[in-house]
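Chemist: Here you go, one structure.
The values are calculated or read from the model by the stated rules, or taken from the named source; none is laboratory data. This one's a predicted model, so the numbers in the text were calculated from it and none came from an experiment. Every residue, glycine as well, gets a Cβ built from its backbone with ideal geometry; the counts of neighbours run over all protein chains shown.
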Amino acid sequence: MQRFTQANKAAGSHRQPSLLVFRIMAISYAIVLGCMTFLSPSSANAQMTSPANHEVMEAWVYDVTHDRYYIYNNPQQFIVASSMKVPIMLTFFDMIERQGRAATSHEMDLLRTMIENSNNDSASALYYHEIGGAAGVAAYLSRVGISGLTPNPNAWGWSVMYPLTMVKMLNRLYKGILLTPAHRRLALNLLEHVEADQRGGVGDTAPAGATVALKDGWVIGPDGWWAVNSSGVVITNQDVYVISVYTKGEPTVAAGLSTIRKICKQVALMLQ
């Protein structure tokens, strides 16, 4: 039997005192590398790393409906790959809001292709030529009080971030804390219309009929191993949850997505 453990108060600011009690929820869960356990942050470790197994994985879930966080493994930063396109998009919308203008048709095309098609050239155009690169993203996140992302000034895909940071970004976007209502709707719409081959993990394991706003990412890291991730907001008729699963040390993209799918599927079953 595997355990997905509720995280402590440090996970977020919208917690009720009654939710500070740790509650273990058992789920039937197995992944390709064998049995693992969902542990509390104080007892989890990198037990997945060994000479024969380079994979390290971390998952955060925020159950919006019941205001609960859950975590697997020790918090650590992971290479973001294409999930960096979410903070790039948020930084861009904030920039034009402060400038008091609408996005041009060219900028909208860059946003759409960056998010829906995961076009790297579009992301680079926005990152390096519109929003001020790493400094621009860092300044935006500092203004809105989100920490845990270290933007790379030379290669945005090799920026590093805690999975919880992505959960916080997506949760605040969903709740309307970030951006104007019009830009919030537009951002979520783009994330909801990511093309089919970019929806592995959160997208293809969500409950039937759910609305999913998501972004995946994968890239070969400096160590020669793949970093693979999937994050999103899942909206069903009964519940809403935000999930972010990041891995590193993967031999292939397929291996990473296989691990992520199994986690996301079990979370979907647990929270239905």
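Chemist: From the list Asp223, Asp216, Asp197, which residue is in contact with a Leu (Cβ under 9 Å, 6 or more places away or on another chain) and of a type in the set (D, E, K, R)?
Modeler: After ruling out the rest, the residue left standing is Asp216.
Chemist: For the range 175-207: of the residues being farther than 11 Å from Gly232 by Cβ and hydrophobic (A, V, I, L, M, F, W, C), which is surrounded by the most Cβ atoms within 10 Å (Cβ to Cβ)?
Modeler: Result: Ala187.
Chemist: Hey, another quick one. Consider Arg172 carefully, then state whether it is buried (at least 17 other Cβ atoms within 10 Å of the Cβ), modelled with pLDDT of 95 or more, of a type outside the set (Asp, Glu) and under 15 Å from the mean Cα position of the chain (by Cα). Spell out how you get there, then give the answer.
Modeler: Working: buried (at least 17 other Cβ atoms within 10 Å of the Cβ): yes; modelled with pLDDT of 95 or more: yes; of a type outside the set (Asp, Glu): yes; under 15 Å from the mean Cα position of the chain (by Cα): yes.
Here the answer is yes, as Arg172 does meet what is asked.
Matching residues to (1) surrounded by 19 or more Cβ atoms within 10 Å (Cβ to Cβ); (2) at negative phi:
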{"residue": "Gly209", "(1), (2)": "no, no"}
{"residue": "Asp223", "(1), (2)": "no, yes"}
{"residue": "Val228", "(1), (2)": "yes, yes"}
{"residue": "Gln272", "(1), (2)": "no, yes"}
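Chemist: If you go through the range 143-158, how many residues are closer than 14 Å to Met95 by Cβ and without any contact (Cβ under 8 Å) to a residue 12 or more places away in the chain?
Modeler: Counting residues in the range 143-158 that are closer than 14 Å to Met95 by Cβ and without any contact (Cβ under 8 Å) to a residue 12 or more places away in the chain gives 0.
Chemist: Please pick out the residue among Gly217, Gly232, Gly256 that is surrounded by 20 or more Cβ atoms within 10 Å (Cβ to Cβ), at pLDDT 95 or above and part of a helix (DSSP H, G or I).
Modeler: Result of the check over Gly217, Gly232, Gly256: Gly256.
Chemist: Based on this model, can you work out whether Val202 counts as assigned to a loop (DSSP other than H, G, I, E, B), touching an Asp or Glu at 6+ places or on another chain (Cβ under 6 Å) and at pLDDT 95 or above?
Modeler: When the stated conditions are applied, Val202 does not pass them.
Chemist: Report, by residue number, each residue of the range 30-80 that is among the small types (Gly, Ala, Ser), in a loop (DSSP other than H, G, I, E, B) and either out of contact with any strand residue (DSSP E or B) (no Cβ under 6 Å at 6 or more places or on another chain) or at pLDDT 90 or above (or both).
Modeler: Once the filter is applied, which keeps residues that are among the small types (Gly, Ala, Ser), in a loop (DSSP other than H, G, I, E, B) and either out of contact with any strand residue (DSSP E or B) (no Cβ under 6 Å at 6 or more places or on another chain) or at pLDDT 90 or above (or both), the range 30-80 yields Ala30, Ser42, Ser43, Ala44, Ala52.
Chemist: Now for a separate question. Which condition breaks for Pro222 when tested against (1) farther than 23 Å from Ala59 by Cβ; (2) within 15 Å of the chain's Cα centre (by Cα)?
Modeler: Pro222 satisfies all of (1) farther than 23 Å from Ala59 by Cβ; (2) within 15 Å of the chain's Cα centre (by Cα) except (2).
Chemist: Which condition does Leu141 not pass, out of (1) outside any loop (DSSP other than H, G, I, E, B); (2) farther than 27 Å from Gln99 by Cβ; (3) among the aliphatic types (A, V, I, L, M), if it passes all the others?
Modeler: (2)
Chemist: Ok, one more. Which members of the range 87-121 meet the condition of being surrounded by fewer than 14 Cβ atoms within 10 Å (Cβ to Cβ) and either in contact with a Pro (Cβ under 7 Å, 6 or more places away or on another chain) or of a type in the set (Val, Ile, Thr) (or both)?
Modeler: Thr104
Chemist: Just give me the residues in the range 87-125 being under 18 Å from Arg184 (Cβ atoms), of a type in the set (A, V, I, L, M, F, W, C) and in a helix (DSSP H, G or I), in sequence order.
Modeler: Matches in the range 87-125: Ile88, Met89, Leu90, Phe92, Phe93, Met95, Ile96, Met108, Leu111, Met114, Ile115.
Chemist: Determine which single condition Asn117 fails, assuming it passes every other condition in (1) farther than 24 Å from Val234 by Cα; (2) out of contact with any helix residue (DSSP H, G or I) (no Cβ under 7 Å at 6 or more places or on another chain).
Modeler: (1)
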